[in-house]
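Down below is the structure, laid out as structure tokens.
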Amino acid sequence: MLPFSFLDLPQGCRLIDVGTGAGFPAVPLCIWRPDLQATLLDSLNKRLVFLQEVLPACGVRAVLVHSRAEDGGHRADLREQFDVATARAVANLRDLAEYCLPFVKPGGLFCALKGGDADAELADAQAAIRLLGGRVSQSRTYSLPDGSARTLICMEKISQTPTKYPRSPAKMAKSPLR
């Protein structure tokens, strides 16, 4: 789990993987760090049914949640309850911050796995990150074995996210945070 080796995740921390899909990065991260308390959130139930089969085969225990990120971010049992949120290939970084920072409690981290060209996305997302209670703590570019570049962008949650966020995708598209 190269990108997460850059971080010092606390022992037993609570992690949510937003838009988990087939379980990446949460499943490999939990194999590498079995002490993590993982929640895997996805909007498509068939992905979660797949993960119900995969997790026991990998020796991973996790809570599976069927919800869209914009709905889950308003649920009292999920909002600002996690030490770490992760997401990969879900949306542009500005929208991803709006989806994910509401899950992170103050003092926690949101870690986005992005392509190697993440600098432009990061520049576009700065105002949104601040508005949502975050601050970029690190951006690390690394290479995969095939030579392609990837970037891990981590945001520290420094204050609570205003309760109106996250908004619906239609509202986000009509009025992006800038």
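None of the figures in this text is laboratory data; all of them are computed from the coordinates on show. Computed from a prediction, not measured in an experiment: that's the story for all the values here. Methodologically, a virtual Cβ is constructed for each residue, glycine included, from the backbone with ideal geometry; neighbour enumeration extends over all protein chains shown.
Taking the chain as a Gaussian network, Cα atoms linked when under 10 Å apart, which of Pro28, Pro162, Pro145 shows the biggest mean-square fluctuation?
Pro145
What does DSSP give for the chain in terms of the percent of beta bridges that are antiparallel, rounded to the nearest 5?
45
Report the relative contact order of region 110-178, percent, no decimals, based on alpha-carbon pairs under 8 angstrom and at least 6 residues apart.
The value is 40 percent.
When Lys and Arg each count +1 and Asp and Glu each count -1, what net charge do the other residues less than 12 Å away from Pro166, Cβ to Cβ, add up to?
+3
Mind counting lysine pairs for me in region 2-174? Cα separation below 23 Å, and the two need to be 8 or more apart along the chain or on different chains.
Within region 2-174, the lysine pair count is 5.
Taking only DSSP H segments of four or more residues, each worth -39500 (n - 2.57), what value at 222 nm results for the chain once the sum is divided by all its residues, to the nearest 500 deg cm²/dmol?
-8500 deg cm²/dmol
Give me Arg94, Arg79 ranked fewest to most by other Cβ atoms within 10 Å of their Cβ, as a rough exposure proxy.
Lowest count first: Arg79, Arg94.
Please give me the summed charge of the neighbours of Val18: other residues whose Cβ is under 13 Å from its Cβ, Lys and Arg +1, Asp and Glu -1.
Once all neighbours under 13 Å are counted, the net charge is -1.
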